[in-house]
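Worksheet: one structure, shown below.
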Amino acid sequence: MIGVLVSGGGTNLQALLDDGLPIVAVASNAAGAGALARAAAAGVATAVFPLESYADREARDGAMASWLAGEGVELVVLAGYMHLLTPPFLDTFSGRIVNVHPSLLPAFPGARAVEDQLAAGIAESGATVHLVDEGVDTGPVLAQERVPVLPGDDAESLHERIKSVEHRLLPRVVRELCAR
Ligand code: GRF
């Protein structure tokens with residue numbers, strides 16, 4: 001059973017839902033995340049864990065991990081989740097957390113990966129699905145696919161092209177992990 005962490009619009013969450021994967025819980029750090037509406041529309045349990053409501057990041061992450069575990073979650077997918085995870089979360093789901101990132105990691109980690117790639121003038125970007133550790137977009141790579149950067153691209157057009165690849169790559173990798 002899969003839990004998904006989200007912060008944004010949730011197009012990757014939607015791809016996982018549309019693929020028919022067993023998603024039982026969706027958690028967010030942000031109450032306004034559009035992804036929460038997608039989860040609710042699919043009848044999936046949701047919960048919000050705003051940092052302001054907890055003493056510190058570890059306390060928030062511990063509460064989030066406990067909620068997911070209580071919902072029966074065995075595998076966690078970060079689908080546009082924009083906070084680093086701390087040991088109370090990482091230890092609960094050790095080796096069972098995957099992230100999707102809009103670059104060919106280890107190149108261009110971080111929250112501004114698409115903008116950074118355009119600024120660097122590279123001709124080829126990509127999408128990566130990887131296991132999560134305590135670092136910023138580090139952890140063993142599970143799958144990658146290349147995406148061209150086209151003349152005239154801005155951050156929005158390039159990100160949309162990358163996301164359309166993510167929407168194929170992420171469900172495929174998650175399905176393979178479920179079958180293990
Ligand atoms: C994706 O590009 C993902 O790689 C990155 O954040 C974006 C999330 O988009 N980590 P969405 O919320 O799934 O639409």
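The values are calculated or read from the model by the stated rules, or taken from the named source; none is laboratory data. Note that the structure is predicted; figures quoted are calculated from it, not measured. Virtual Cβ from ideal backbone geometry, glycine too; neighbours counted across all protein chains shown. Protein only, heavy atoms only, side chains kept; ligands, DNA and RNA dropped before computing areas. Shrake-Rupley method; radii C 1.70, N 1.55, O 1.52, S 1.80 Å.
For the reader, a short list of remarks on this structure follows.
- Within segment 1-15, being over 11 Å from the mean Cα position of the chain (by Cα) and either within 11 Å of the ligand (Cβ to nearest atom) or open to solvent by 20 Å² or more (accessible area, probe 1.4 Å) (or both) holds for Met1, Gly9, Gln14, Ala15.
- Test result for Ala30, open to solvent by 20 Å² or more (accessible area, probe 1.4 Å), outside any strand (DSSP E or B), over 15 Å from Leu75 (Cα atoms) and in contact with a strand residue (DSSP E or B) (Cβ under 8 Å, 6 or more places away or on another chain): yes
- The set of residues in segment 53-68 being over 13 Å from Leu90 (Cβ atoms) and in a helix (DSSP H, G or I) consists of Ser53, Ala59, Arg60, Ala63, Ser66, Trp67.
- Residue, surrounded by the most Cβ atoms within 10 Å (Cβ to Cβ), within segment 156-177, restricted to residues that are away from the ligand (no atom under 11 Å from the Cβ) and within 18 Å of Asp116 (Cβ to Cβ): Ser157
- Criterion: within 15 Å of the ligand (Cβ to nearest atom) and farther than 28 Å from Ala120 by Cβ - qualifying residue of Leu36, Leu90, Leu78, Leu68: Leu36
- Scanning segment 119-133 for residues that are farther than 17 Å from Glu176 by Cα and either part of a helix (DSSP H, G or I) or among the hydroxyl-bearing types (Ser, Thr, Tyr) (or both) turns up Ala119, Ala120, Ser125.
- Asp18 meets each of the listed conditions (1) open to solvent by less than 30 Å² (accessible area, probe 1.4 Å); (2) within 26 Å of Ala143 (Cα to Cα) apart from (1).
- On inspection, Glu74 qualifies as touching a residue at least 40 places away in the same chain (Cβ under 8 Å) and open to solvent by 60 Å² or more (accessible area, probe 1.4 Å).
- Exclusive hit being of a type in the set (Phe, Trp, Tyr) and in contact with a strand residue (DSSP E or B) (Cβ under 6 Å, 6 or more places away or on another chain), set Tyr54, Tyr81: Tyr81
- Considering segment 39-52, and only residues there that are over 19 Å from Leu90 (Cα atoms) and assigned to a strand (DSSP E or B), the residue that is farthest from the ligand (Cβ to nearest atom) turns out to be Ala45.
- Counting only residues that are over 30 Å from Pro148 (Cβ atoms), assigned to a loop (DSSP other than H, G, I, E, B) and among the aromatic types (Phe, Trp, Tyr), segment 79-107 holds 1 of them.
- Which numbered condition Gly110 misses (of (1) within 12 Å of the ligand (Cβ to nearest atom); (2) part of a strand (DSSP E or B); (3) in contact with an Asp or Glu (Cβ under 7 Å, 6 or more places away or on another chain)): (2)
- Filtered residues of segment 115-132 (kept if surrounded by 14 or more Cβ atoms within 10 Å (Cβ to Cβ) and charged (D, E, K, R)): Glu115, Asp116
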